[in-house]
Each structure stands twice: as C-alpha cells, then as structure tokens.
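Student: Handing you this structure, nothing more for now.
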Amino acid sequence: MKSKVPRKKNSAPPENPFQLALAYLGARACSVAELKQKLRRKQVPAEAIDETVARLKQLGFLDDRRLAEHYASSLARNRAFGRFRVERELKARRVDPRAVQPAVEQAFRESDEKALLERALDQKMRSLRLPLTRARLFSLCTSLRRRGFRADDIMKAVRARPELAPVAEDVDPGDFEESTL
C-alpha cells in the first residue's frame, strides 16, 4: 500500500524575485508590464523588479515583440478574430505599444482576414434562427464587429449569403458600426 505524503497547501512563493518571475513566466507568457505588475503585487522592491526584468530580457525569456507576434498570430488563426480585436487584445495584455502594430500586420499577412470573417460567419450561422429579422441581423453584425471585423466587410459577407441577403439589403453598415466599439 502506498503511503500518502502530506502536501503543503498554499505553499509560499519563492522569495527570490527572479525565481518568482520565472514561476509566472512558466505558467503563462507575460508582457513586461504584466510581469512588473505581478511582482509589484507581491511587494517586490522596484529596483529588484528592474534587475529581474533586465536579466529576463537579456536571457530572452521576456520579449514583448515576440509575445505580440505569437499572440496576434494565435488569435487570428485559432480564434478567428479580426484585426481590430487582435489589436485590442494585445493592448489589454499591456504589450509595448511599439510592438502592437507590427505584430498585427504580420498576423494578417499570414492569415486572410476575409477568410477569417467567413469562418466566423459560418460559426454564427449554425446558431442563427431563420427567418432572419432586422433585429437578428443587427445582433449577428454586432457580434462579428466585436470579433474585430470592419463593418463594410461584414455587410459584404452577409449580403453574399443568399439566405441573409434580403434583409441585409435594407441595412446600412453605419447602423451598427459605432454601437459596438
């Protein structure tokens, strides 16, 4: 019979700021600003935070540009997010603002935004109750808008669908453009 070894609950985090930072980065990739915020919450002194961040950058464990490129590409390919949503997500992760736009551009050189929109529209169509009413069309379009696609691209894609075109012809893309951002 195996003997159970008692485990410590709520074991204390490492005292060393570098060890603590490595533990955070081991769990999830962080931007420089996110890591600094996490270390500040643990009441690590500011000079220790700066030393830790500098060392992690030097070792290549902390790089906002690389994080932005990978995260933007992943959001576009795997979640079918449009350009605006990817940019918003990167800013929410507090990635260095200078790294955001190049990462978004690279992600959409790799992924066709129109194909992503079609994929997102296909997903939405599975749960859309027909016949389509103006309110349901508005809901569909705002949901696609929240996913980061441009209003005029959404309307082109919706109007290209025969089952959606009759109601979509009467709708102006400006009707939902401002209400979702």
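Student: Does ARG146 satisfy the condition of being without any contact (Cβ under 8 Å) to a residue 12 or more places away in the chain and touching a helix residue (DSSP H, G or I) at 6+ places or on another chain (Cβ under 8 Å)? I'd like the intermediate steps shown before the answer.
Tutor: Details: without any contact (Cβ under 8 Å) to a residue 12 or more places away in the chain: no; touching a helix residue (DSSP H, G or I) at 6+ places or on another chain (Cβ under 8 Å): yes.
For ARG146, the condition - without any contact (Cβ under 8 Å) to a residue 12 or more places away in the chain and touching a helix residue (DSSP H, G or I) at 6+ places or on another chain (Cβ under 8 Å) - is not met.
Student: Give region 112-135 a look and list any residue that's without any contact (Cβ under 8 Å) to a residue 12 or more places away in the chain and in a helix (DSSP H, G or I), or say none.
Tutor: Within region 112-135, ALA115, ASP122, ARG126, SER127, ALA135 qualify.
Student: Inside region 19-111, counting only helices (runs of 4 or more DSSP H) that do not spill past its ends, which hold 1 or more residues that are over 30 Å from ILE154 (Cα atoms)?
Tutor: Values: elements: 32-41, 46-59, 64-79, 83-92, 97-110.
In region 19-111, the matching helices (runs of 4 or more DSSP H) lie at 32-41, 46-59, 64-79.
Student: Would a scan of region 42-62 turn up a residue that is among the acidic types (Asp, Glu), surrounded by 13 or more Cβ atoms within 10 Å (Cβ to Cβ) and touching a Lys or Arg at 6+ places or on another chain (Cβ under 8 Å)?
Tutor: Taking every residue of region 42-62 in turn, none turns out to be among the acidic types (Asp, Glu), surrounded by 13 or more Cβ atoms within 10 Å (Cβ to Cβ) and touching a Lys or Arg at 6+ places or on another chain (Cβ under 8 Å).
Student: Next question. Take the residues in region 75-105 that are more than 21 Å from ARG145 (Cβ to Cβ) and small (Gly, Ala, Ser); name whichever of them is nearest to the chain's Cα centre (by Cα).
Tutor: ALA103
Student: Same structure again: When you check GLU163 against the structure, is it of a type in the set (Asp, Glu), assigned to a loop (DSSP other than H, G, I, E, B), outside the structural domain of LEU35 (by TED's automatic domain parsing) and surrounded by fewer than 18 Cβ atoms within 10 Å (Cβ to Cβ), yes or no? Spell out the reasoning first.
Tutor: On the way: of a type in the set (Asp, Glu): yes; assigned to a loop (DSSP other than H, G, I, E, B): yes; outside the structural domain of LEU35 (by TED's automatic domain parsing): yes; surrounded by fewer than 18 Cβ atoms within 10 Å (Cβ to Cβ): yes.
So GLU163 passes the test.
The values are calculated or read from the model by the stated rules, or taken from the named source; none is laboratory data. What you see is a predicted model, and the numbers here were worked out from it, not measured in a lab. Glycine also receives a Cβ, built like all others from the backbone with ideal geometry; neighbour counts cover every protein chain displayed.
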